[in-house]
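Every read-out reported here was derived from the displayed coordinates using simple, explicitly stated rules and does not represent laboratory data. Not measured: the values here are computed from a predicted model. Note that each Cβ is placed from the backbone with ideal geometry, even for glycine, and that neighbours are counted across all protein chains shown.
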Amino acid sequence: MKNKIETRIDISHLVRSFYAKIRQDEMLGPIFNNAIQDWVPHLEKLTDFWEGNLFFFVKTKYHGDPKTAHQQLDEILCNSLTMNHFGHWINLWLETIDEHFEGETAERAKMIARKMASFLFLKIVENRQ
């Protein structure tokens, strides 16, 4: 039986499981492993991000700028990020959720990730012009 996403511990488990896959992934692993030098604080920051997005009452905990971070990463990668990268990221995210969780919050995590991927890629393309 799968669990529901109900606590920060659940979100941390999701984030850590997902990024363990990302780090080993043939397409995304090299990008993430080169961009992130210290994974421990980064995973905590990502847990803060998802906690704020899934449990609306803690939004002030996350302090970051994903749009600018992804735009800067694209610049470092010579404008080579594509929608295929984001689509693959989404597929791994959905797969990880489906392996471990079910319920309304799990479905919301999927929806938010889809919207976020589309938004970030659009902002990356806009930044190239």
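Worth a mention:
- Scan the range 62-105 for residues that are of a type outside the set (A, V, I, L, M, F, W, C) and in contact with an Asp or Glu (Cβ under 6 Å, 6 or more places away or on another chain) and the total you get is 1.
- Complete set of residues in the range 33-63 that are loosely packed, with under 13 Cβ neighbours inside 10 Å, in a loop (DSSP other than H, G, I, E, B) and of a type outside the set (S, T, N, Q): Asp38, His63
- For the residues Glu6, Glu26, the requirement of being outside any helix (DSSP H, G or I), without any contact (Cβ under 8 Å) to a residue 12 or more places away in the chain and acidic (Asp, Glu) singles out Glu26.
- Segments classed as helices (runs of 4 or more DSSP H), wholly inside the range 66-129, with at least 2 members that are small (Gly, Ala, Ser): 104-128
- Residue match in the range 92-103 (condition: under 17 Å from Pro30 (Cβ atoms) and touching a residue at least 24 places away in the same chain (Cβ under 8 Å)): yes
- Residue satisfying all of: in the range 102-129; closer than 18 Å to Glu6 by Cβ and of a type in the set (Val, Ile, Thr); surrounded by the fewest Cβ atoms within 10 Å (Cβ to Cβ) among these: Ile112
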